[in-house]
Amino acid sequence: MKGERVLIDTSVWIDYFRKGAGRLSEKVDEILNISEVSVPKVVIAELFQGAKSEKEVSVITDFMEAFRIIDQSENTWIK
């Protein structure tokens, strides 16, 4: 069982997908290994909005299947 639930901001996912290796990617990989990552629907919408190619759309679609997608409310951000 993984640790606490973590939400990762859209800007972090964009850097993670586009830039690949680096300190940020290493940190995200570390979080993915030790935490339960949930993705709010707004993050998915923002990622699709910024997709510049069919390949990026495919990556986002695969991404959606890998994580728990959640509806967000005020309580999502407070907890």
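The values are calculated or read from the model by the stated rules, or taken from the named source; none is laboratory data. These numbers come from a predicted model, not from an experiment. Cβ sites come from the backbone with ideal geometry, for glycine too, and all protein chains shown count toward neighbours.
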Within the stretch 36-46, is there a residue that is of a type in the set (A, V, I, L, M) and touching a Gly at 6+ places or on another chain (Cβ under 9 Å)? no
I need every pair where a residue in the stretch 1-30 that is without any contact (Cβ under 8 Å) to a residue 60 or more places away in the chain has its Cβ under 6 Å from the Cβ of a residue that is loosely packed, with under 13 Cβ neighbours inside 10 Å, sequence separation at least 6 or different chains. GLY3/ILE34
All positions within the stretch 44-65 that are within 12 Å of PHE17 (Cβ to Cβ), touching a helix residue (DSSP H, G or I) at 6+ places or on another chain (Cβ under 9 Å) and not in a loop (DSSP other than H, G, I, E, B): LEU47, GLY50, GLU56, VAL57, VAL59, ILE60, PHE63
Output for the stretch 13-72, where each listed residue is aliphatic (A, V, I, L, M), surrounded by fewer than 16 Cβ atoms within 10 Å (Cβ to Cβ) and touching an Asp or Glu at 6+ places or on another chain (Cβ under 8 Å): LEU24
For the stretch 37-54, indicate whether the set of residues that are modelled with pLDDT of 90 or more, of a type in the set (Phe, Trp, Tyr) and within 23 Å of GLY3 (Cβ to Cβ) is non-empty. no
Which ones in the stretch 2-42 are in a loop (DSSP other than H, G, I, E, B) and over 14 Å from ARG68 (Cβ atoms)? GLY3, ASP9, GLY20, ALA21, GLY22
Quick check on this structure: which one of VAL6, VAL42 is β-branched (Val, Ile, Thr) and in contact with a strand residue (DSSP E or B) (Cβ under 9 Å, 6 or more places away or on another chain)? VAL6
Show the residue pairs that are 6+ apart or on different chains and have beta-carbon atoms under 8 Å apart, the first residue being within the stretch 44-63 and hydrophobic (A, V, I, L, M, F, W, C), the second being not in a helix (DSSP H, G or I). ILE44/ILE69; VAL57/ALA51; ILE60/ALA51; PHE63/VAL39
